[in-house]
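Enquirer: Before I ask anything, here is the structure I am working with.
The values are calculated or read from the model by the stated rules, or taken from the named source; none is laboratory data. Every value quoted in this text rests on a predicted model; they were computed, and no experiment measured them. Every residue, glycine among them, receives a Cβ derived from its backbone with ideal geometry; neighbour counts consider all protein chains shown. When the accessible area is computed, the model is the full protein with side chains, heavy atoms only, and any ligands, DNA or RNA have been set aside. Shrake-Rupley method; radii C 1.70, N 1.55, O 1.52, S 1.80 Å.
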Amino acid sequence: MTRNRLIGAVAIAFGVLTLWSGGMVLFGPDAARVAAGRVVPFVLWFNFLSGAVYIAAGFGIFQGRRFGKMLAGVLALALAVLFAAFLARIAAGQEWETRTLGALILRLGFWCLAAWASVTTTRARPALKS
């Protein structure tokens, strides 16, 4: 259970930071957009919107619930697809930032680890009494 609490807390913090940083680039001052460099719009929007899902998954994992494990797996799969699309963009010679590659590797690695770690530690719902 301690592992769930740690992973859940990190996931919640990760989600809050994702919403904040993505929101600053998307909706913040011009200086934030300039500082972001050559953003890849579909990656930026995916990451921003998934921040809320990170928080939901974090709460689920923290509480040892099945939906947290399920969301962690869905996030890992979705990030793998996003990563493949990003790599295709690189292969096509389009502009990108090195830190975007690093951030995607970090996110994908974290959610794969979270999904794997929560598999053996989720708490089953109590059985209905008849």
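Enquirer: Taking region 53-92, which residues are of a type in the set (Phe, Trp, Tyr), open to solvent by 70 Å² or more (accessible area, probe 1.4 Å) and under 26 Å from residue 39 (Cα atoms)?
Expert: Those that are of a type in the set (Phe, Trp, Tyr), open to solvent by 70 Å² or more (accessible area, probe 1.4 Å) and under 26 Å from residue 39 (Cα atoms): none in region 53-92.
Enquirer: Residues 49, 71, 17: which one is within 23 Å of residue 89 (Cα to Cα) and modelled with pLDDT of 95 or more?
Expert: Sole residue among the options that is within 23 Å of residue 89 (Cα to Cα) and modelled with pLDDT of 95 or more: 49.
Enquirer: Hey, can you tell me all the residues within region 23-52 that are under 30 Å from residue 5 (Cβ atoms) and surrounded by fewer than 18 Cβ atoms within 10 Å (Cβ to Cβ)?
Expert: Listed by number, the residues that qualify are 23, 24, 49, 52.
Enquirer: Checking residue 97 against (1) open to solvent by less than 80 Å² (accessible area, probe 1.4 Å); (2) under 18 Å from the mean Cα position of the chain (by Cα); (3) modelled with pLDDT under 95, which single condition isn't satisfied?
Expert: (2)
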